[in-house]
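A.B. asks: The following block contains the structure, expressed as structure tokens.
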């Protein structure tokens, strides 16, 4: 699995603010039900799990399925509690996990 993510999270926030976090994962999300130009079935290759942690605690997770479109877009909100790292991890059918991070400073 090779994917990259475009992460949009605030760089700063006040303690207690509700912040929106958005991630778009550039991935083809191939279902395994399509035929390629040579008539052969294209193998399934999807992201099946997305997890976001903030300060080491899981704040959001989602299980994804073949019906999810290519380049899935995920948005959610959380409360700014402390300065730290927001970590995004997605796992593909092959069990491989990729990560991305964003830093937030909370005043």
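A.B. asks: If Rh is defined by the Kirkwood formula over all Cα pairs and Rg also comes from Cα, what ratio Rg/Rh do you get for the stretch 4-106? Display every interim value, and only then the final one.
C.D. replies: Values: Rg = 16.0 Å, Rh = 14.8 Å.
With Rg and the Kirkwood Rh in hand, the quotient comes to 1.08.
A.B. asks: Could you list the residues of the stretch 12-53 with an amide nitrogen less than 20 Å from a label point located 7 Å from the Cα of residue 65 in the Cα-to-C-beta direction?
C.D. replies: 28-34, 44-51
A.B. asks: Over what distance in Å are the Cα centres of the stretch 1-42 and the stretch 92-107 separated?
C.D. replies: The two parts, judged by their Cα centres, are 11 Å apart.
A.B. asks: For the chain, what proportion of DSSP beta bridges, expressed in % and rounded to the nearest 5, is antiparallel?
C.D. replies: Numbers: 35 of 37 bridges.
Of all bridge pairs located within the chain, approximately 95 percent are antiparallel.
Computed from the coordinates by the stated procedures, all read-outs in this text should not be read as laboratory data. Treat the numbers as computed from the prediction; the structure is a model and nothing was measured. All Cβ positions, even for glycine, are placed from backbone atoms using ideal geometry, and neighbour counts span all protein chains on display.
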